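S.K.: Here it is, the structure, as structure tokens.
The values are calculated or read from the model by the stated rules, or taken from the named source; none is laboratory data. The structure displayed is predicted, hence computed values, not measured ones. FYI the Cβ positions are ideal-geometry reconstructions off the backbone, even for glycines, and counts take in every protein chain you see. Accessible surface is based on the protein model in full, side chains and every heavy atom, while ligands, DNA and RNA are left aside. Shrake-Rupley method; radii C 1.70, N 1.55, O 1.52, S 1.80 Å.
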Amino acid sequence: MPTPGASSTAPVPIHYRIRPEDPAAHLFKVELRVETVARTALTLDLPAWIPGSYLIRDFAKHIVRLEARGDRDQALAARKLDKQTWEIPSEGDRLTIGYWVYAWELSARAAHLDATHAYFNGPSLFLRVKGQENTPCRVEILPPTEMPASDWRIATTLPREGAEPFGFGTYRAECYEQLIDHPVQIGRFDLIEFPVRGVPHRIAISGRHRGDGERLARDLARICTAQANLFGALPLDQYLFLLTVLGEGYGGLEHRDSTSLIARRDDLPQPGKPEVTEGYRRLLGLCSHEYFHLWNVKRIRPAVFVGTDLTHEAHTRLLWVFEGITSYYDDLFLVRSGCIDERSYLELLAQGITRVLRTPGRNLQCLADASFDAWIKFYKPDENAPNAIVSYYAKGALVALALDLTLRQRTGQRCSLDEVMRALWVTYGQTGRGVPEDGVETLVEAVSGLDLDEFFSQAIRGTADLDLPPLLADVGIGLRLRSATSATDQGGVVDRFAPLNPRKTLGVRLDEAQAEAVIANAFSGGAAMRAGLSAGDHILAIDHIRATRANLDTLVDAIPAGASVPVHVFRRDELMVIAVTPAPAPLDTCDLCLLPDAPPAAQDHRRAWLGPPAGD
Ligand code: ZN
């Protein structure tokens, strides 16, 4: 309802009423009441994408029905102008638009509704009134018509306007941009609260599990505190981790005051088991990543994201900053906060280096282009993706590592990436100014006093591999590349570098969903691609012996060096015989080792790097 007694100058809030109306059909009913301006027609649209996920998703496709009424309740004919825009004629001062939204995507980016819960992101549900983007909004969240359970609560960081804490009722937002930046979980969830610098933080865990939420909260408190200490400020009144646990799944999306996360229930810490499992380490890394975004991308933002209307792509060459640097710090804060030890961190680092080395596309695509083309490449990977593109997450994290260690080395340990992040926060985050495309490089040079033109040209606009060994040696760490010993070998930490004989391989990755040997990717320069094998080919036999996903590596490695053997494959439904000469496996696996003879200065440098950040 319009606010009673609103002055003529204050805009009347736009009122949204949301009801999870039909859980069985996965339909939300939304009613939007809005004042018309001078009785002219209204234009309404839904975003094509959600901030933080750089893919055109066309959320409007899920509006299954829409109807409009005037202030005398007369029906008005809505007219579609394009795939996501409606025009409503006006015959009075007020319009009511009712619409139904299909919600059956269980991800951090969309909306999902059934008898167990209701979840939505604003871009899926809230039509935007063009020209009234800065008008305040009221959101009335109603329980389902037939309430599946009386113990459903609401977890969101939308400010309350009359609703009881965690209750149904009315919430508010200052403008449309704020309205769509608070995901909402409705249902049953565990709620655990912990303070960070006096600010209430909460985890709401949805989904069946027997995990130890209190331990997760204790570890998150350490990670969040360490990050807040880096920036020296926590620019919010509350923060919410909205975690949904499933049998399988992994993902997260950042917001200003919250994050939506999907993880495996087995990744939660289990009561009575104090170790940090690989799964729990991955979950902590995901939480750490999304929390770091509350500064880096939600408040320190690329200029092209400021004021974007979300109707079409917003291109930036800076995603290596916003995702790469965030990916570097997510794991770094696990060790800095003491949640994992130094060896565990180095294992993650080695795996990250291996991941980049196994991407031949790094030789073709530079980080600036990877960022710019994220919309059509990184977010739309196909079978050739490893050969054509590089991840601005994985390589971006390595560039952040190289930049951090370079700054430390060349300034005599005076300056690090921490100082750069603080400067980004003060210059752009606190002021709300967008970061121009050349803003980060300029600021790094200003903060450090170094000329880093060559560094950035090579790391961001070039495709040569980063020269990490001398930088790691400066913190007492040795790096060696070797060939993989098995399909699951990702590299790691070793006590010393032992000699290894390279295996022979085809240079393919198999489809892990199948027991048969079906090629998912054939890598550029690999034996299979050179011989003419392709993604999708089903390998039946190697040298007349039946091949499966389980025995392919063994069969290939047994072939004498330099020998060519017949490989039987089905391509579609046609049998082919292709002669293949397996090749020694490439040196694409990274081992890291603490150097026993590193000078004391290097040990000090490592402690300064991996220890708690200097801050207030
Ligand atoms: Zn991210």
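S.K.: Per the helix-only calculation at 222 nm, which mean residue ellipticity applies to the chain, given -39500 (n - 2.57) for every DSSP H run of n ≥ 4 and division by its residues, nearest 500 deg cm²/dmol?
M.R.: -7000 deg cm²/dmol
S.K.: What is the calculated FRET efficiency for Asp489 to Ala25, with r their C-beta to C-beta distance and R₀ = 35 Å, to the nearest 0.05?
M.R.: 0.15
S.K.: Compute the FRET efficiency between Asp438 and Gln238 as 1/(1 + (r/R0)^6), taking r as their Cβ-Cβ distance and R0 = 35 Å, and round to the nearest 0.05.
M.R.: It comes to 0.50.
S.K.: When the chain is fully extended, how far beyond the present Cα-Cα distance does Thr548 get from Glu193, taking 0.36 nm per residue of separation?
M.R.: Once the chain is fully extended between Thr548 and Glu193, it gains 122.8 nm.
S.K.: While we're looking at this one, here's another question. Taking the solvent-accessible surface of protein heavy atoms with a 1.4 Å probe, what is the per residue accessible area of segment 333-428 in Å²?
M.R.: Accessible area per residue, segment 333-428: 33 Å².
S.K.: Please identify which residues in segment 74-98 have an amide N closer than 12 Å to a label point set 7 Å out from the Cα of Lys61, following the Cα→Cβ vector.
M.R.: none
S.K.: Sticking with this structure for a sec: Taking amide H positions as placed in the peptide plane 1.01 Å from N, state which residues far from Leu540 in sequence (5 or more) or on other chains have amide H under 5 Å from it.
M.R.: Sorted by chain and number, the residues that satisfy this are His568, Val569, Phe570.
S.K.: Tell me, what is the percent relative contact order of segment 108-190, built from C-alpha pairs under 8 Å that lie six or more residues apart?
M.R.: RCO, segment 108-190: 39 percent.
S.K.: Still on this model: Could you look at segment 504-584 and say what percent of its accessible area is carbon and sulfur, using a 1.4 Å probe and all protein chains?
M.R.: That fraction is 54 percent.
S.K.: Whole percent per 10 Å bin, from 0 to the bin with the longest distance: what is P(r) over all C-alpha pairs of the chain?
M.R.: 3, 15, 23, 24, 19, 11, 4, 1, 0
S.K.: Show me, for segment 16-24, the HN-Hα J-couplings you get by feeding each phi into the Karplus relation (A = 6.51, B = -1.76, C = 1.60, θ = phi - 60°), rounded to Hz, glycine and proline as x.
M.R.: 10, 10, 10, 9, x, 6, 9, x, 5
S.K.: Tell me, what HN-Hα J-couplings in whole Hz come from the Karplus equation 6.51 cos²θ - 1.76 cosθ + 1.60 at θ = phi - 60° for each residue of segment 126-139, using x for Gly and Pro?
M.R.: Going residue by residue, I get 9, 5, 9, 8, 4, x, 10, 4, 9, 6, x, 10, 10, 10 Hz, with x marking Gly and Pro.
S.K.: Moving on. Provide the gained length on full extension for the span Leu500 to Lys380, in nm with one decimal, where the gain is 0.36 nm per separating residue minus the Cα-Cα distance.
M.R.: 39.5 nm
S.K.: List the residues, sorted by chain then number, that are 5 or more residues from Thr36 or on another chain and whose placed amide H is less than 5 Å from its amide H.
M.R.: Distant-sequence amide H within range of Thr36: Arg94, Leu95.
S.K.: While we're looking at this one, here's another question. Given R₀ = 56 Å, what would the calculated FRET efficiency be for Glu164 paired with Leu575, taking r from the Cβ atoms and rounding to 0.05?
M.R.: For R0 = 56 Å, the calculated efficiency reads 0.25.
S.K.: Bin by bin, in steps of 5 Å, what percent of the Cα pairs in segment 294-412 do you find, going until the bin that has the longest distance?
M.R.: Reading the bins upward from 0: 2, 11, 17, 20, 19, 15, 10, 4, 1, 0.
S.K.: Could you tell me how far the Cα centroid of segment 153-195 sits from the Cα centroid of segment 386-454, in Å?
M.R.: 35 Å
S.K.: Let me ask something else. Rounded, prolate or oblate for segment 165-247? Axes are the square roots of the Cα gyration tensor eigenvalues, ordered a ≥ b ≥ c, and the cut-off for rounded is a/c under 1.5.
M.R.: Taking the square roots of the gyration eigenvalues as a ≥ b ≥ c, segment 165-247 is oblate.
S.K.: Enumerate the amide H contacts of Ala78 below 5 Å, restricted to partners 5 or more residues apart or on another chain; note that Pro and chain-start residues carry no placed amide H.
M.R.: Those lying under 5 Å, H to H, from Ala78 are Ala68.
S.K.: Another question, if that's okay. Suppose a student asked you for the relative contact order of the chain, using Cα pairs under 8 Å spaced at least 6 residues apart; what percent would you report?
M.R.: Relative contact order of the chain: 10 percent.
S.K.: Still on this structure, please answer the following. When ligands, DNA and RNA are left out and all protein chains stay put, how many square angstrom of accessible area per residue does segment 504-584 have with a 1.4 Å probe?
M.R.: Roughly 51 Å² per residue, with all protein chains present.
S.K.: Also, quick follow-up: Among 36-47, 569-580, what's the highest-first ranking by average C-beta atoms within 10 angstrom per residue?
M.R.: My ranking of the peptides, most packed first, is 36-47, 569-580.
S.K.: Where a ≥ b ≥ c are the square roots of the eigenvalues of the C-alpha gyration tensor, would you call segment 504-584 rounded, which needs a/c under 1.5, or, failing that, prolate if a/b is larger than b/c, or oblate?
M.R.: Verdict is rounded for segment 504-584.
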